[in-house]
1. Can you sort TYR172, TYR8 from fewest to most other Cβ atoms within 10 Å of each residue's own Cβ?
2. Can you tell me the 0 to 90 degree angle between the C-alpha axis of helix 354-365 and the longest principal axis of the chain, rounded to 10?
3. Would you mind getting me the FRET efficiency between ASP323 and ILE76? Use the beta-carbon distance for r and R0 = 45 Å, nearest 0.05.
4. Quick one: dipole size for segment 19-68, taken about the Cα centre, charges +1 on Lys/Arg Cβ and -1 on Asp/Glu Cβ, in debye to the nearest 20.
5. Out of all DSSP beta bridges with both ends in the chain, state the antiparallel percent to the nearest 5.
6. On a C-alpha basis, how far is the centre of segment 105-171 from the centre of segment 295-361 in Å? Whole number, if you could?
7. Rounded to the nearest 20 Debye, what is the dipole magnitude of the chain about its Cα centre when Lys and Arg each give +1 and Asp and Glu each give -1 at the C-beta?
8. Quick one: helix 314-327 against the long Cα principal axis of the chain, what's the angle to the nearest 10°, folded into 0 to 90?
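No lab work stands behind these numbers, since they all come straight from the coordinates. None of these values were measured; they are calculated from a predicted model. Here Cβ is always computed from backbone atoms with ideal geometry, including for glycine, and neighbour counts include all displayed protein chains.
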Amino acid sequence: MSLIVQKYGGTSVGDSDRIAQVAEHVARTKRHGNQVVVVVSAMGKSTDELISLAGQVSKTRPGREMDMLLTSGERISMALLCMALADLGVQANSFTGSQAGIITDCDHTKAKILEVKGDRLREALARDVVPVVAGFQGVSTSKDVTTLGRGGSDTTAVALAAALGAECCEIYTDVSGVFNADPRLVPAARKLGKVSFEEMLEIAATGGRVLALRSVEYARNHQVALHVRSSFTWEPGTWIVREDPSMEQAIVSAVTHDISQAKITVSQVPDKPGIAARLFRGLADHSINVDMIEQNTSVSGHTDISFTVPRADFALAHSVARDLSRQVEASDITADESIGMISLIGAGMKTHPAIAAQMFETLASQEINIEMISTSSIRISCVVGERDVERAVQALHESFALAR
Ligand code: ADP
Ligand code: ASP
Ligand code: MG
């Protein structure tokens, strides 16, 4: 008998009809002789609605209370799904993250999983009861409810699959797998049959939100086989697997985009040891994730430092950078919230130096200005104006012959 963890995203449980269909699929999986553990997201856009509601009553939105509020979304889905399963004659019990024994640190709204106990889930499975777990949440070491950051239900599912020794973790969503570009932006995007963890990490880190980045890191570290697939067509989707020598190494496997970041530039910073350390320590102490960093060549003892941060942390990052720029007597600080990052990802890129040139030529042919560039061995990313993102992604998809 195999144990399968199935995670259903917001659209997959978006209304009563969807919940009924998910219940049917869980029942079917069980009928085929498998044990199933289910993880659910909040219905539809309800997390966004709760965040907006919080914004209407509070400017401060304390993290502890945000977590208490947002975890309610997943509780609704889990209870409704258990009820739908009961009608199909399948015994199911819902569990909050805390009841499932998902222990996190105390970093509210973006807590990290420290340990997964899972005892109550094992007991339920032993009694032939399907555990349905609320995604995206846990309980901190100081016994407060926490959330794992947006998209965190993917991480819940992978963490449970690892802790329970599941055969695989199925991520059901509203597209039929991982595509070589966001199918919403590029209608000709192609579904990938297999993707290596390394490529998927880059795809998730650069805006391919079909899987949350932390869930891919967790799956790679714990060797959890991931299968991303559709809860609408139920057809086989994309497997995220360890790279093996027989896998075709595409030069460019995917083009991604991300419009969730903002850029801050501190200009005319004295070019001497310790300045960058102070700036980025200040940001790190506020748990702000800095993505791209660029420092210009020094001119008469001064340089400019630009970096990108999540837009959600923009105001805080701006004020931290402003304070520091005063302390170090930098001349100016500028910020741009309307940027987008586009990236090309491919394991075969390591041995093909012309890819960057072709990427820049493609953007130039569209008259798109590049503001920042960064690379890893299997990725090239460019920051451009947000208004240029859609055109850039489509042009790159075509230029690298990624269409169906
Ligand atoms: P869920 O609510 O199921 O977690 P998400 O909205 O988080 O779903 O993720 C699915 C969405 O990810 C798709 O609707 C699609 O628009 C988007 N997406 C972005 N990039 C990709 C990609 N490379 N492949 C597939 N989907 C992608
Ligand atoms: N409901 C949460 C969100 O919208 C978690 C998730 O769906 O993964 O981010
Ligand atoms: Mg998601």
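1. Working: TYR172 26, TYR8 29.
Placing the least packed residue first, the sequence is TYR172, TYR8.
2. So the helix axis and the longest Cα principal axis differ by about 80 degrees.
3. It comes to 0.60.
4. On the way: 7 positive and 5 negative charges, 32 e Å.
In total the dipole reaches around 160 debye.
5. Details: 44 of 72 bridges.
So the antiparallel bridges in the chain amount to around 60 percent.
6. First find each Cα centre; the distance between them is then 35 Å.
7. Its charge dipole is roughly 840 debye.
8. Roughly 40 degrees, rounded to the nearest 10.
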